[in-house]
1. Got at least one residue in the range 98-119 being under 11 Å from the mean Cα position of the chain (by Cα), farther than 28 Å from Leu212 by Cα and assigned to a loop (DSSP other than H, G, I, E, B)?
2. Within the set of pairs 6+ apart or on separate chains, which have a first residue in the range 58-83 that is over 16 Å from Met23 (Cβ atoms) and open to solvent by 20 Å² or more (accessible area, probe 1.4 Å), a second that is modelled with pLDDT under 85 and assigned to a helix (DSSP H, G or I), and C-beta atoms under 6 Å apart?
3. Failed condition for Val201, given (1) exposed (fewer than 13 other Cβ atoms within 10 Å of the Cβ); (2) among the β-branched types (Val, Ile, Thr); (3) in a helix (DSSP H, G or I), with all others met?
4. Considering only the range 176-196, state which residues are open to solvent by 60 Å² or more (accessible area, probe 1.4 Å), part of a helix (DSSP H, G or I) and not acidic (Asp, Glu).
5. Here is a check on your reading of the model: is Leu125 open to solvent by 10 Å² or more (accessible area, probe 1.4 Å) and at pLDDT below 90?
6. How many residues does the range 1-26 hold that are at pLDDT below 80, more than 14 Å from Thr70 (Cβ to Cβ) and of a type in the set (A, V, I, L, M)?
7. Restricting to the range 204-226, name every residue that is surrounded by 13 or more Cβ atoms within 10 Å (Cβ to Cβ) and in a loop (DSSP other than H, G, I, E, B).
8. Which one of the conditions (1) open to solvent by less than 50 Å² (accessible area, probe 1.4 Å); (2) in contact (Cβ under 8 Å) with a residue 40 or more places away in the chain; (3) within 23 Å of Leu109 (Cα to Cα) does Asp143 fail to meet, given that it meets all the rest?
Amino acid sequence: MPLLHNCLQPNRDMEMRMSVFTMLAKLLLDAKNTLDSQGHFCDESEKFLRDVLLPNLVWHAGRTAAAVRTSALSCLLALLHGGLLSLEEKLSPLVLSALDEDSQMSRVLACRSLSATLQLVGTSLHHEALNKIYPELLKRLDDSSQEVRSASLQAVALWLSSLTGGYNPELCAPHLQLLFQQLLLHLDDPDSSMQDQVLEVLKNGSSVHPSLLQREAEAVRDKHRSPLHCDLLLQHISSLHTHTSHP
């Protein structure tokens, strides 16, 4: 670990760092048979994340620096998929900032990293931490890349599934209203596959605050080019009320 840390100091050549991160990402994808073959890597993962990955996710000007961030994000995603997560509070701001990278791949990796983070610790996050995540994901629904849009929508779905009893829907109603409004906007997206994906996200997340979503869906129904998806959503919400009334 000390040798690796020295190789990745800011005063070293960025291309070397990029190569090392690319190699590490491949090793982390099979961590049980590579870096963690003896079961000790987890003990070093926090130091690895804090001293190696996080400094290289910080924005610096230049194409090479951007390539380093992309390779570091790839490494981070592999680390998250391995369940080796720590320092979430320090990690999230850097990943959120990566959503605005010029590189399409960086934006995709940032969305996927947020998805992996939400899968691992989403239900344990405080509502203030959760409410810092969704606005940045919503911005990517207007991304020029369909791959980024789809990845951000998947992360939004996981965000909704992370809301537990500790997330007060009435107290956080303004946040949920903004989220629902933006998703309903894309329920009328020119891309039919996006419409279908958004519908599933809204249906799965409708139990968070069904009355609010119903009001918002009814408000935009006649503004959509076709009311089909709104009607399907409203039918789903109505079925929730029926099941609640008849357990």
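The values are calculated or read from the model by the stated rules, or taken from the named source; none is laboratory data. Nothing here was measured: the structure is a model prediction, and the numbers come from that model. As a convention, Cβ positions derive from the backbone with ideal geometry for all residues, glycine included, and neighbour counts pool all protein chains shown. Each accessible area value is taken on the protein alone, full model and side chains, heavy atoms only, with ligands, DNA and RNA left out. Shrake-Rupley method; radii C 1.70, N 1.55, O 1.52, S 1.80 Å.
1. yes
2. If the second residue must be modelled with pLDDT under 85 and assigned to a helix (DSSP H, G or I), the pairs left are Thr64/Met14.
3. Result: Val201 fails condition (1) only.
4. Answer for the range 176-196, where residues must be open to solvent by 60 Å² or more (accessible area, probe 1.4 Å), part of a helix (DSSP H, G or I) and not acidic (Asp, Glu): Gln177, Leu178, Gln181, Leu185, Ser192.
5. Against the criterion (open to solvent by 10 Å² or more (accessible area, probe 1.4 Å) and at pLDDT below 90), Leu125 qualifies.
6. The qualifying residues number 4.
7. His209, His224, listed by residue number.
8. (2)
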